[in-house]
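Since the structure comes first, as structure tokens, the remarks are kept for the end.
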Amino acid sequence: MPRPSQAVDQALLQSGLALYPQVGCAGLSLRKVAEHAGTQPAMVHYHFGSKQAFLGAVLQQCYEQLFAQMSERSAADGAAGQRLRTALLALAGFLREHRALIARLLMDAAQGEPVVHSFLQANAPRHLGLVMRLLGEVALKPGVLPMQAFAFLMGSVNAPLLVASGALHIGVVPGVLGEQLAAQVVSDAALAQRVDLALAALCATEEGSPDDKV
């Protein structure tokens, strides 16, 4: 059974994760966080010290979930192309689940929020480096450079997901078109198909092709 103090700090982190995408760094007050978590503002200071430290902890806890999934899948048995595929699907699934958080991060980064800059500088190289390492283990087609392959994967797999899920979230895609967008761009099947198409375009072998999947 968790210690009472541990339960409080986890409740605060969950409240921060729920509120941050709505209001960003500037709008997130420790009083709002404490109210959402059902505790007192002093508890935020007790567990985290400052608003900046609290925000950093919120972002870091969320990120560690992503990195743990990608690391686990990339370390599994199997061909390099298959491990790259599962890592890319983990990244895409995380971006879809936390689309609002990602959008707020980008806005806060553009506005020069120090805690967001520090978070991105510390963590972006981790999952991007993991993808680059896996790409280095895959036989690419002649003339395809690793960084070009990386840019192609990120653009073809994740960019449509972020745009489509954002459009669906704010309700600018009506009716049947919205249903098609959800099914053909945002769904699990759509993500898997885009990953497979991208890997088939890049890889010299059949490691990342649909025939190689379990």
Hey, Leu55 in contact with a Lys or Arg (Cβ under 8 Å, 6 or more places away or on another chain), buried (at least 18 other Cβ atoms within 10 Å of the Cβ) and under 24 Å from Arg99 (Cβ atoms) or not: no
Take Gln69 and tell me if it is at pLDDT 95 or above and assigned to a helix (DSSP H, G or I). no
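Out of the residues in the stretch 179-214 that are surrounded by 11 or more Cβ atoms within 10 Å (Cβ to Cβ) and at pLDDT below 85, state the one that is farthest from Arg85 (Cα to Cα).
Of the stretch 179-214, the ones surrounded by 11 or more Cβ atoms within 10 Å (Cβ to Cβ) are 179-188, 190-210, 212-213.
Narrowing further to those that are at pLDDT below 85: 205-210, 212-213.
Working: Thr205: 14, Glu206: 12, Glu207: 9, Gly208: 6, Ser209: 9, Pro210: 10, Asp212: 10, Lys213: 9 Å.
Applying the filter and picking the extreme gives Thr205.
Kindly indicate which of Val33, Val44, Val23 is in contact (Cβ under 8 Å) with a residue 24 or more places away in the chain, of a type in the set (Val, Ile, Thr) and outside the structural domain of Leu105 (by TED's automatic domain parsing).
Details: Val33 fails: in contact (Cβ under 8 Å) with a residue 24 or more places away in the chain; Val23 fails: in contact (Cβ under 8 Å) with a residue 24 or more places away in the chain.
Matching residue, one of Val33, Val44, Val23: Val44.
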Going by the structure shown, is Thr39 under 28 Å from Leu168 (Cβ atoms), hydroxyl-bearing (Ser, Thr, Tyr) and out of contact with any strand residue (DSSP E or B) (no Cβ under 8 Å at 6 or more places or on another chain)? no
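Among the helices (runs of 4 or more DSSP H) confined wholly to the stretch 146-189, which include 3 or more residues that are closer than 18 Å to Pro21 by Cβ?
Values: elements: 146-153, 159-170, 175-181.
Those helices (runs of 4 or more DSSP H) span 159-170.
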Subset of the stretch 123-139 (residues that are surrounded by 14 or more Cβ atoms within 10 Å (Cβ to Cβ) and touching a Phe, Trp or Tyr at 6+ places or on another chain (Cβ under 9 Å)): Asn123, Arg126, His127, Leu130, Val131, Met132, Leu135
Does Ala103 meet the test of being part of a helix (DSSP H, G or I) and surrounded by fewer than 19 Cβ atoms within 10 Å (Cβ to Cβ)? yes
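Taking only the stretch 84-120 into account, find how many residues are under 12 Å from Leu59 (Cβ atoms) and free of Cβ contacts under 8 Å to residues at least 24 places away in the same chain.
3
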Go through the residues of the stretch 82-97 one by one and say whether even a single one is surrounded by fewer than 14 Cβ atoms within 10 Å (Cβ to Cβ) and of a type outside the set (D, E, K, R). no
Might you check whether a residue that is under 20 Å from Ala192 (Cα atoms), in the same structural domain as Ser156 (by TED's automatic domain parsing) and polar (S, T, N, Q) occurs anywhere in the stretch 81-104? yes
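The values are calculated or read from the model by the stated rules, or taken from the named source; none is laboratory data. Just so it is clear, the model here is predicted, and its values are computed rather than measured. Counting neighbours? That spans all protein chains shown, and the Cβs are built from the backbone with ideal geometry, glycine included.
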